[in-house]
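Each remark here refers to the structure printed beneath this line.
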Amino acid sequence: MSPTNDRPIGVFDSGMGGLTVMRALRARLPHERFIYLGDTARLPYGTKSADTVSRYAVQCARALAAHDVKLLVVACNTASAVALPALGAALAPTPVIGVVEAGAEAAVAAAPNGRIAVIATEGTVKGGAYPRAIHTSAPKARVVQQACPLFVALAEEGIGDGEIAELVVRRYLNPLFATHGKPDCLLLGCTHYPVLAKAIARVAGAGVIIVDSAQTTAAATARLLSERGLDRTSASIAAPIFLVTDAPERFARVGEIFLGAKIDPGAVQLVDL
């Protein structure tokens, strides 16, 4: 087996939300090695300036590069929206994949009538990355956006469903739908938001397809590995490694909600960027 192929795939997010992408990656690529970095000391990224997000993202990427990753998955919509050029330059020639293009592709496929609503963090909405990506492949699509900043806090606290979650979801979606009508699909433009998917689906109602970028990102990662000849050929399954910048015990406990699997607290390492 080539040492290059055996190198891990790096995944990072501002916190735990990127674990939803990691979950899809592990399901699609069970024999790959993964190392995940959650910048838990500085979350959320969605309320910070583009310059700050780019600086933080490059620091995270370089920390993962120190582990000799063969590919970087930016499992953060805000960082994908504003920092991909800086990340590509910092990690070259290591390939970098973001979640925005993958999410846009999935939304276009799910909205035959071109009516797409994007819910995301303030930073992602202000940056306009999703409308640009959607209009690249579907110029006539009608895209509306809504920032839902409280969703990240709910997800990070493990409040993904129930009365509180549904009330907050209604607070954001009801005015959006009242103003623009119900879309064909509702794109979850933040990797934290799938934790609230049940509450979001109930409020959105029948006929609105809920789309998140995790599955499409995993598919894009698999394609790129194959194209570059970087697939890990070993049949052994390696346990992932987790790096965090704060509160490793909490990450292990709450992160299970996002990852859909137990996280060994001993596998979570505290790092200083």
Notebook entry, point to check: Which one of Ala155, Ala165 is among the aliphatic types (A, V, I, L, M), in contact (Cβ under 8 Å) with a residue 24 or more places away in the chain, over 26 Å from Val74 (Cβ atoms) and not assigned by TED's automatic domain parsing to the domain that holds Gly255?
Noted result: Ala165
Margin query: Exactly one of these conditions fails for Ala65: (1) of a type in the set (Gly, Ala, Ser); (2) free of Cβ contacts under 8 Å to residues at least 60 places away in the same chain; (3) surrounded by 19 or more Cβ atoms within 10 Å (Cβ to Cβ). Give me its number.
Written below: (3)
Margin query: Quick check on Leu167: is it more than 20 Å from Phe12 (Cβ to Cβ) and in contact with a Phe, Trp or Tyr (Cβ under 9 Å, 6 or more places away or on another chain)?
Written below: no
Check: Any chance the range 229-239 includes a residue that's part of a helix (DSSP H, G or I), more than 21 Å from the chain's Cα centre (by Cα) and farther than 17 Å from Gln145 by Cα?
Finding: no
Check: Quick check, is Arg171 touching an Asp or Glu at 6+ places or on another chain (Cβ under 9 Å) and loosely packed, with under 15 Cβ neighbours inside 10 Å?
Finding: no
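Output the residues belonging to the range 256-267 that are under 18 Å from Ala155 (Cβ atoms) and either among the hydrophobic types (A, V, I, L, M, F, W, C) or at pLDDT 95 or above (or both). Show your work before the answer.
Step one: list which residues in the range 256-267 are under 18 Å from Ala155 (Cβ atoms), which gives 256-261, 263.
Hits for the range 256-267 are Ile257, Phe258, Leu259, Ala261, Ile263.
Listed here are the residues, each with its yes/no results for (1) assigned to a helix (DSSP H, G or I); (2) among the hydrophobic types (A, V, I, L, M, F, W, C); (3) touching a His at 6+ places or on another chain (Cβ under 7 Å); (4) outside the structural domain of Gly127 (by TED's automatic domain parsing).
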{"site": "Gly15", "(1), (2), (3), (4)": "no, no, no, yes"}
{"site": "Ile35", "(1), (2), (3), (4)": "no, yes, yes, yes"}
{"site": "Thr40", "(1), (2), (3), (4)": "no, no, no, yes"}
{"site": "Thr52", "(1), (2), (3), (4)": "yes, no, no, yes"}
{"site": "Cys60", "(1), (2), (3), (4)": "yes, yes, no, yes"}
Next item on the list: For the range 136-167, name all the residues that are among the acidic types (Asp, Glu) and either in a loop (DSSP other than H, G, I, E, B) or more than 17 Å from the chain's Cα centre (by Cα) (or both).
Entry: Glu157, Asp161, Glu163, Glu166
Check: Quick one: what pairs do we get from the range 215-233, first residue over 14 Å from Glu105 (Cα atoms) and in the same structural domain as His31 (by TED's automatic domain parsing), second hydrophobic (A, V, I, L, M, F, W, C) and assigned to a helix (DSSP H, G or I), C-beta under 6 Å, 6+ apart or different chains?
Finding: Asp231/Leu225
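The values are calculated or read from the model by the stated rules, or taken from the named source; none is laboratory data. These figures come from a predicted structure and were not determined experimentally. Glycine gets a Cβ as well: all are built from the backbone with ideal geometry, and neighbour counts include every protein chain shown.
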